[in-house]
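The values are calculated or read from the model by the stated rules, or taken from the named source; none is laboratory data. Just so you know, these numbers come straight off a predicted model, no measurement behind them. Glycine also receives a Cβ, built like all others from the backbone with ideal geometry; neighbour counts cover every protein chain displayed.
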Amino acid sequence: MTKGANSLTRLQADFVLLFAAALWGVAFYFQKDAMAHIGPWTFIAGRSLLAVLALAPLAYFEHRNEHRNTGAQALPPGLGRISVLCGLAFLAAAFLQQEGLKTASVTNTGFLTSLYVVLTPLVAWIWSRVVPPRIAWPAIGLSFAGAWLLGGGTIGGLGSGELLVMGSALFWATHCVITGRASFYQRPLTYTVLQFAVVAAVATGVALAFEGPTLAGLKDAAVPILFVGLVSTALTYTIFTIAIRHTTPPEAAVILSAESLFAAAAGAVMLGERLSPVSWAGAGLMIAAVLLVQLGPWLSRRASRAAA
């Protein structure tokens, strides 16, 4: 790789991805804190509006560069439609996660959200008939066994908040699959801004209709909204898109899986949350499942090439 002004070494890219994972993990604390002051729809609207405002200038430059290079005046056909679909998937996932955080711990939310990784191959199968790799099935079983242990290994161990977070993982997986399809348009920043514009518009309407946000509530939740909207959404997305081009997908997957560990650390330091040995065993199984579904196909391909 030729180094230039905008290039990163592989090690630098890995550290940038680790930084992004840390910010995403810590964001769970701020998401939970916001729920003490405002409703979930108000929070989603606030974070999305900030993300749109922060990323819109970058999307403008992306569009201008595309116009300069190809002469394209309008958005690619189909980009608007897929942005709306992705925005709706994000809305469902974010609402279930925020509603769950009212009672679920930051630690459990971080680990349970990681279920989206093992559910993504199933959603891709339903969406586009892409058959999941065989390793996905044991990974799914391992992850749900981990979720059961995370709840203490008893029937009913997971509360309603945790179950809502598990439900959000399905929609996060859907969001990932749609985003993968949107890469065809090669307009990542434009796509992201359109997606969050949809989220902001719908969430604002629902919040005004059913939650009645107040200036006092928004003021109390200002720090969580600013952190999640600007730092863990706009900033991390931007640095992620830069860093991911300078490392390998398996390496990036391993690094980003640390998000749940950073969430656990944030819960322990900021809220005094602790897991029992049984729950830690469940968390370990869930991390193992995430790594298995991400690294399994890559390791199989390497083994096949080595045997050839």
Across segment 86-138, what is the total count of residues that are of a type in the set (A, V, I, L, M, F, W, C) and farther than 30 Å from residue 29 by Cβ? 9
Candidates 113, 109, 103 - the one that is closer than 21 Å to residue 221 by Cβ, at pLDDT 90 or above and surrounded by fewer than 19 Cβ atoms within 10 Å (Cβ to Cβ): 103
When you go through (1) modelled with pLDDT under 95; (2) under 16 Å from residue 192 (Cβ atoms) one by one for residue 68, which number turns out not to apply? (2)
Which residue pairs have Cβ atoms under 7 Å apart, sit 6 or more places apart or on different chains, and have a first residue in segment 68-86 that is part of a loop (DSSP other than H, G, I, E, B) and a second that is surrounded by fewer than 16 Cβ atoms within 10 Å (Cβ to Cβ) and at pLDDT below 85? 73/67
Among all residue pairs at least 6 apart or on different chains, which show Cβ distances below 6 Å where the first residue, located in segment 150-174, is modelled with pLDDT of 90 or more and assigned to a helix (DSSP H, G or I) and the second is charged (D, E, K, R) and surrounded by 16 or more Cβ atoms within 10 Å (Cβ to Cβ)? 164/99
Name the pairs whose Cβ atoms lie under 7 Å apart, with the first residue in segment 191-206 and over 16 Å from residue 178 (Cα atoms) and among the aliphatic types (A, V, I, L, M), the second at pLDDT below 95 and not in a helix (DSSP H, G or I), and 6 or more positions between them or separate chains? none
